Amino acid sequence: MGLQPLEFSDCYLDSPWFRERVRAHEAELEKTNKFIKELLKDGKNLIAATKNLSAAQRKFAHSLRDFKFEFIGDAETDDERYIDASLHEFSNFLKNLEEQREILALSVTETLIKPLERFRKEQLGAVKEEKKKFDKETEKNYSLLEKHLNLSAKKKELQLQEADNQVEQNRKHFYELSLEYVCKLQEIQERKKFECVEPVLSFFQGLFTFYHQGYELAKDFNHYKMALQINIQNTRNRFEGTRSEVEELMNKIRRNPQEHKRANHFTMEGYLYVQEKRPAPFGSSWVKHYCMYRKETKKFSMIPFEHRSGGKIGDEELFVLTYCTKRNTDTIDRRFCFDLEASDRPGVPVTMQAFSEEDRKLWMEALDGKEAVSIIFKIFFYSAQLDKIGFTIIKKCISAVETRGINDQGLYRVVGVSSKVQRLLSLLMDSKTCNEVDLENSVDWEVKTITSAMKQYLRSLPEPLMTYELHGEFIVPAKSGSPESRVSAVHFLVHKLPEKNKEMLEILVKHLANVSKHAKRNLMTVANLGVVFGPTLMRPQEETVAAIMDLKFQNIVVEILIENHEKIFKTLPDATFPEPISMSVSPPNAPPRQSRRQGQRIKRPLAVYNLCLELDDADSHSSPREDTPTGSMDSLSSQSPIPAFSSSPPGLLDGNHLIMDSGDLAGWTTHLPAQSRPSMVSWMNIPSANPAATSAALPTFFFPNPATGTDRAVESVAHRKARAVYPCEAEHSSELSFQIGAIFEDGKY
């Protein structure tokens, strides 16, 4: 039951029950006062916490804004540039969010704290003052009444009359004050309901406004997020391919460092200990120097460097070498020593110590010392040539592919059985049997066997189709410039190729363009074909980490060739080499919210990969590794992405499998129990076509990757050379099938 009403008539009776009701009202107001006081305290703490959170968020945003990624090499892909700029974009997003949070903090002060403080001070404070007056007047009234009643009846009539008048006046004043106090009590009880709740309502309105502003910012950020997810996925895919190449190169150099030294203008270079003679009492000391020698000029330079002293580089000493002589252990109490004499210091030899006997032999050979070491050069023989047979092989394979398998899913990504590929190549490369092989009508040769043989032939050429000489020039426009300047540069360079190379390249690229036109069925987009044929058509003469980092740009060059094959091969280029237009290092930030909603922007598909492993126990797990990693759904050769498919996502996911080489998982499957392989399935949930669902779905490409397993299948240049013409060693291939669907930002194409 609530509070009982205070009747004005009860003020004149002033009964005990009236007083109980008054005290109940006073207790309720005291409880309200404590509640408001606690609410004000919590509100101020909330403001302080909000300000602290805002300060922390701003500091976090500043950290994001001030950091910049460094890249390996001399250029970045467009995806990498957008990733580099993403931290600055994140910082701007947080900055905008914190501006809204500051508005929220101010609104809490204005709409919640100040109104409650005003109500507590003006309304509840006024009631407290009224209560003090009422209590004081009560005490005065009843004290005067008791005193008046104690007057002696023997007093004079005049005195008694004056006392009666005084008591009556005081009683009237008490009743008036009592009426006002009762009125004020009941008024404040009714007023507190809206005076307290209205500021809280305003606070929640401000809070919801803040959350709504955050929602609006998130909507504005969504299109940038979707594009960035594509950039991240593309970069991750390239990283997977590059990592396997780097690890393979590292292992080869670890096995034989001397055969993989980088080519430079020094005949020999490395660390040597140089003897520095001192006065007789002190003997001599040996100081480590980094030495470099050019045989053409006979210039020998050495720089003192000690790793343990912080790596400070000393002053270089340069002299012209006169002769080099081996020092035997009977003339010096150290091994691996030899003497050098400089032309400007005749008769004053410099004694040096190598790290080992083998190291000394190499130095003495380079320095024309008395002992020379013969160097054995490994010569690789390639039977594949750009001759009449070579053109016949490519034309027969292309004709068979376009006749029988142009719509096969995973065309050129699916590898054939190694023994069949080897047998087909041997027949095609033999002039006696080449014309007898019927690829278009024979059921003996599967399409994947034909495509694998065709790729292997191109890889087995003594020189890549786009030549070692022009490799670096092709890479340069892919690293910078506008899409138009890239096309112009590649157009110009293609016409610098030898005639046979250009003719073969035109035949192949025209075929690949035809394959990409059927991407709806075979799932081989321009980007996927670039990933497959980039390392096949282009490779550097020297295998280094820097060259491996350029694999992604090789793919871009091939994409440019496919997308612009009509212009490149059917028209003549400009007479002068086009200068690439340098692009901004950082891509433009996302436009403001108002401009993003105007017009229809190009939709870029978000690739979603479903991974399903199908293994047969009868198959070997050492199948040939495919030469390319899984690519993006988009072409990287142009700034404007084009949707890769035109059908809806569910249609792509109903049984369409992109078969991949099992080399990606060869290392992994060897660790699985035999009985578990056939049923091993790993799925990724497909996001809904609902924009709200897809906007939160980050495209993820799952690779089973144990610590010792092989998770990519990018074949190195040296590995291709070592395998010569027929690289396949396994009899069968396991199959890795991928379901690929494209989900767009707005849930439709």
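Among the residues that make up the range 221-244, is at least one of them in contact (Cβ under 8 Å) with a residue 40 or more places away in the chain, closer than 30 Å to His25 by Cα, among the β-branched types (Val, Ile, Thr) and out of contact with any Pro (no Cβ under 6 Å at 6 or more places or on another chain)? Please lay out each step first, then the result.
So the first thing to find is which residues in the range 221-244 are in contact (Cβ under 8 Å) with a residue 40 or more places away in the chain, and the list is 221-238, 240-244.
So of that shortlist, the ones also closer than 30 Å to His25 by Cα come out as none.
No; the residues of the range 221-244 include none that is in contact (Cβ under 8 Å) with a residue 40 or more places away in the chain, closer than 30 Å to His25 by Cα, among the β-branched types (Val, Ile, Thr) and out of contact with any Pro (no Cβ under 6 Å at 6 or more places or on another chain).
Find all pairs meeting these conditions: Cβ atoms under 8 angstrom apart; at least six residues apart or on different chains; first residue within the range 417-437 and touching a residue at least 12 places away in the same chain (Cβ under 8 Å) and among the charged types (D, E, K, R); second residue part of a helix (DSSP H, G or I) and open to solvent by less than 60 Å² (accessible area, probe 1.4 Å).
Correct list of pairs: Lys420/Thr449.
Here is a list of conditions, (1) exposed (fewer than 14 other Cβ atoms within 10 Å of the Cβ); (2) in a loop (DSSP other than H, G, I, E, B), and Trp17 meets all of them except one; can you say which number that is?
Answer for Trp17: the failing condition is (2).
If we keep just the residues of the range 326-349 that are aliphatic (A, V, I, L, M) and within 17 Å of Cys291 (Cβ to Cβ), which is surrounded by the fewest Cβ atoms within 10 Å (Cβ to Cβ)?
As a first pass, look at the range 326-349 and keep what is aliphatic (A, V, I, L, M): 332, 340, 342, 348.
Still in the list and also within 17 Å of Cys291 (Cβ to Cβ): 340, 342.
Numbers: Leu340: 24, Ala342: 17.
Only one residue fits best here, namely Ala342.
Quick check: anything in the range 103-115 within 30 Å of Ala478 (Cα to Cα) and hydroxyl-bearing (Ser, Thr, Tyr)?
So the first thing to find is which residues in the range 103-115 are within 30 Å of Ala478 (Cα to Cα), and the list is none.
Within the range 103-115 (the criterion being within 30 Å of Ala478 (Cα to Cα) and hydroxyl-bearing (Ser, Thr, Tyr)), the answer is no, since none of the residues qualifies.
Which condition breaks for Thr392 when tested against (1) at pLDDT 90 or above; (2) open to solvent by less than 10 Å² (accessible area, probe 1.4 Å)?
Single failed check for Thr392: (2).
Looking at (1) in contact with a Leu (Cβ under 6 Å, 6 or more places away or on another chain); (2) crowded, with 18+ Cβ neighbours inside 10 Å, can you tell me which one Glu89 breaks?
The failed condition is (1).
Could you please give the count of residues in the range 471-490 that are open to solvent by less than 10 Å² (accessible area, probe 1.4 Å) and either at positive phi or more than 30 Å from the chain's Cα centre (by Cα) (or both)?
Selection size over the range 471-490: 1.
Under 7 Å between Cβ atoms, at least 6 apart or on separate chains: pull out the pairs that start in the range 198-210 with a residue that is closer than 15 Å to Leu46 by Cβ and end on any residue that is of a type in the set (Val, Ile, Thr).
That search, which allows pairs on different chains as well, returns Pro199/Thr111; Ser202/Thr111; Phe203/Val108; Phe203/Thr111; Gly206/Val108; Gly206/Thr111.
Is it the case that the range 193-203 has a residue that's of a type in the set (Phe, Trp, Tyr), open to solvent by 60 Å² or more (accessible area, probe 1.4 Å) and either outside the structural domain of Arg21 (by the TED database) or within 30 Å of Lys128 (Cα to Cα) (or both)? If you could, list the steps in order and put the result at the bottom.
First, pick out the residues of the range 193-203 that are of a type in the set (Phe, Trp, Tyr): 194, 203.
With the extra rule that they be open to solvent by 60 Å² or more (accessible area, probe 1.4 Å), the set shrinks to 194.
When the remaining residues are screened for being either outside the structural domain of Arg21 (by the TED database) or within 30 Å of Lys128 (Cα to Cα) (or both), the result is 194.
Yes: the range 193-203 contains one or more residues that are of a type in the set (Phe, Trp, Tyr), open to solvent by 60 Å² or more (accessible area, probe 1.4 Å) and either outside the structural domain of Arg21 (by the TED database) or within 30 Å of Lys128 (Cα to Cα) (or both).
Give, as residue ranges, the helices (runs of 4 or more DSSP H) completely inside the range 443-522 that count at least 2 residues that are closer than 25 Å to Ile398 by Cα and of a type in the set (Lys, Arg).
447-459, 499-517, 519-522
Might you check whether a residue that is surrounded by 13 or more Cβ atoms within 10 Å (Cβ to Cβ) and touching a Phe, Trp or Tyr at 6+ places or on another chain (Cβ under 9 Å) occurs anywhere in the range 118-130?
Looking for residues that are surrounded by 13 or more Cβ atoms within 10 Å (Cβ to Cβ) and touching a Phe, Trp or Tyr at 6+ places or on another chain (Cβ under 9 Å), one finds at least one in the range 118-130, hence yes.
Which residues, counting only those in the range 419-450, are among the β-branched types (Val, Ile, Thr) and either open to solvent by 70 Å² or more (accessible area, probe 1.4 Å) or under 17 Å from Ile406 (Cβ atoms) (or both)? Give the steps one after another, and end with the answer.
Looking only at the range 419-450, we keep the residues that are among the β-branched types (Val, Ile, Thr), and these are 421, 433, 437, 443, 447, 449-450.
Correct list: Val443, Val447, Thr449, Ile450.
Val274 passes all but one of (1) closer than 23 Å to Ser356 by Cα; (2) modelled with pLDDT under 90; (3) more than 46 Å from the chain's Cα centre (by Cα); which number fails?
Only one criterion is unmet by Val274, namely (2).
Any idea how many residues of the range 554-582 are assigned to a loop (DSSP other than H, G, I, E, B) and either within 11 Å of Phe492 (Cβ to Cβ) or at pLDDT below 90 (or both)? Before the answer, list the steps.
First pass over the range 554-582, keeping only residues assigned to a loop (DSSP other than H, G, I, E, B): 564, 571-582.
Within this subset, residues satisfying the condition of being either within 11 Å of Phe492 (Cβ to Cβ) or at pLDDT below 90 (or both) are 572-582.
Number satisfying all stated conditions: 11.
Name the helices (runs of 4 or more DSSP H) wholly within the range 64-166 that hold at least 1 residues that are over 43 Å from the mean Cα position of the chain (by Cα), modelled with pLDDT of 85 or more and of a type outside the set (D, E, K, R)?
Output list reads 114-119, 125-149.
Kindly indicate which of Val531, Val545, Val509 is within 27 Å of the chain's Cα centre (by Cα), touching a residue at least 24 places away in the same chain (Cβ under 8 Å) and within 24 Å of Glu402 (Cα to Cα). If you could, list the steps in order and put the result at the bottom.
Numbers: Val545 fails: within 24 Å of Glu402 (Cα to Cα); Val509 fails: within 27 Å of the chain's Cα centre (by Cα).
That would be Val531, the only listed residue that is within 27 Å of the chain's Cα centre (by Cα), touching a residue at least 24 places away in the same chain (Cβ under 8 Å) and within 24 Å of Glu402 (Cα to Cα).
The values are calculated or read from the model by the stated rules, or taken from the named source; none is laboratory data. Model, not experiment: these values are computed from the prediction. Every residue, glycine among them, receives a Cβ derived from its backbone with ideal geometry; neighbour counts consider all protein chains shown. Ligands, DNA and RNA are stripped out before the accessible areas are found, and what is left, the full protein with its side chains, is counted by its heavy atoms. Shrake-Rupley method; radii C 1.70, N 1.55, O 1.52, S 1.80 Å.
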